[in-house]
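**Q** First the structure, which I've put down as structure tokens, then a few questions once you've had a look.
The values are calculated or read from the model by the stated rules, or taken from the named source; none is laboratory data. Since we're looking at a predicted model, the values are computed, not measured. Counting neighbours? That spans all protein chains shown, and the Cβs are built from the backbone with ideal geometry, glycine included. Each accessible area value is taken on the protein alone, full model and side chains, heavy atoms only, with ligands, DNA and RNA left out. Shrake-Rupley method; radii C 1.70, N 1.55, O 1.52, S 1.80 Å.
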Amino acid sequence: MGSMWKIVRGATLIVLGGQIGVGATGPVPAAAGEAGPSASIVQSTYAADFVATAASGFAMNDAGDVAGRSYKDIGCGPFCLPPEETVVWRGGQRIVLPAIPGLSGISVSSINAQGWVAGFAGVPGTTTHAVVWKPNGNTYQAIDLGTLPGTTISYAVGIDDLGRAVGWSTTSNFPPSGSPFMWTESAGMVDLSALGYPDEAPGAISPGGTVATISTWFVLGDPNSVVPMPPAPPSLVTGGPGAINDAGDQARFLVSTGPQNLIYLFRFHHEGAGTWQLLSPSGTGQLSRAGVGGINAERDVSATVLSTAVIAPGPDGLAKGLAPLLSPAYQGSALVFGGPMNGPGQILAQVMIGRSQRLMKLVGATPCGANCIQIDSLKMTGKFIPDPNAPPDSCTPNASNHVVAKVRVTDELGKALQGVVVKGRFVDDYWLDKAVTRTTNKKGIAKFVHNGVACVGAVAFLVDDAAKVGRSFDRTKGVLTNYVIPLPK
């Protein structure tokens, strides 16, 4: 089958197949007078900060704000389908982004340091308009960017920290005719090609305004900064931009020219004429998921290869699985998607908690040596309570689950700790997201109870935090998550 690329809200999803042997030149030293990247900020151990369940994340800024989509828990379990909403998780709030009148649906691709979001409104493949969502207190204002003169369709691929959004504006006829644009709140939409930039669709933009197209990269504000991308290594062709940093280093998938067109993860080093570095010898085909998450100033690359989250430490390290870096306190949870990585090194990921994926931010975690709080054990029980007016074991809205999670909290020596405030949440295989808080007794026990809708698969419990004055919560040890499948007793 031929190659097929689909740009999906800040990540490049590829539906491809094929096989090939590949090779690439390695990185080159920084040019004379040019400072090279600093050391990698990839951590040896990560903890997972919960963002949402039944959700997808597409962009994250340096403050840790996340843009994505999620289903809100309305208490109906498997007996209804809540609406999927496009949202921003910011400052502990879930903010629903407003729609554009007359255009069905919205998609987001980028969020800058100030919380401005870029994307488009409308159904992909039909008439869409580029949109920027501007923060307004605890809400957002939607700004329809319109289109360039003579065109009818537009979309935005990103927005930098100066509020400059870039994208593509085109006609709907075949063959289409379009131009790249830059939008600012003060000047509106302008044609980048008329300013001397390449007449190609932007594919990615860095926080500082460095832009990648399929065959060039450049810095906004300087038309003379345009640099052509070097040819792909033998037996490969250049794929669409995935992510770019301020210096021009990039993470991309290159496409094999074989019969099934497998795609391979590469790091592009910008120095000199630029060089390609193969990060993973594993090609992703049509039955697996792949996407670029991000590349930071240190050239750390986050991505998904063969439906597995990977990280490639900068400046020239190779890709390795992210899951082994997740704290063992999460009991070996799989990481099935490696999403955007921000400047401080947080990584947006899909993490298996219980038996379902949860949207979480991976953050560096260090062991605690003294005055620690550890979750020594997390035990769960679950009971299915049938509907008294239905046959036994029937799944009806009147059946229910009774689930108990019992946490034991100790210090680093195993001594029970009283007075620790433990925060956690119940989640199931549908929409449940129930935050709970309890304080440990003199035996170090905190007991959490959930009574809710039945027939929701596994019910999991996740410890979010544990706090007591003068002590530090250690998320590198112990047990932070468990699950149970409620059954009739």
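**Q** Which condition breaks for I214 when tested against (1) in a loop (DSSP other than H, G, I, E, B); (2) over 30 Å from Q114 (Cβ atoms)?
**A** (2) is the only condition that I214 fails.
**Q** Quick one: which strands (runs of 3 or more DSSP E) lie wholly within region 291-351 and hold at least 1 residues that are surrounded by fewer than 20 Cβ atoms within 10 Å (Cβ to Cβ)?
**A** Because the criterion is at least 1 residues that are surrounded by fewer than 20 Cβ atoms within 10 Å (Cβ to Cβ), the strands (runs of 3 or more DSSP E) in region 291-351 that meet it are 335-341.
**Q** Can you say whether A399 is open to solvent by less than 30 Å² (accessible area, probe 1.4 Å), under 24 Å from Y71 (Cα atoms) and among the small types (G, A, S), as far as the supplied structure shows?
**A** Working: open to solvent by less than 30 Å² (accessible area, probe 1.4 Å): yes; under 24 Å from Y71 (Cα atoms): yes; among the small types (G, A, S): yes.
Considered against the rule, which asks whether it is open to solvent by less than 30 Å² (accessible area, probe 1.4 Å), under 24 Å from Y71 (Cα atoms) and among the small types (G, A, S), A399 comes out as yes.
**Q** Is it the case that some residue within region 38-50 is surrounded by 15 or more Cβ atoms within 10 Å (Cβ to Cβ), closer than 30 Å to A399 by Cβ and among the hydrophobic types (A, V, I, L, M, F, W, C)?
**A** Yes, region 38-50 contains a residue that is surrounded by 15 or more Cβ atoms within 10 Å (Cβ to Cβ), closer than 30 Å to A399 by Cβ and among the hydrophobic types (A, V, I, L, M, F, W, C).
**Q** Look through P223, P207, P259, P231 and report the one residue that is farther than 17 Å from V310 by Cα, surrounded by fewer than 24 Cβ atoms within 10 Å (Cβ to Cβ) and free of Cβ contacts under 8 Å to residues at least 12 places away in the same chain.
**A** Of the residues listed, the single one that is farther than 17 Å from V310 by Cα, surrounded by fewer than 24 Cβ atoms within 10 Å (Cβ to Cβ) and free of Cβ contacts under 8 Å to residues at least 12 places away in the same chain is P231.
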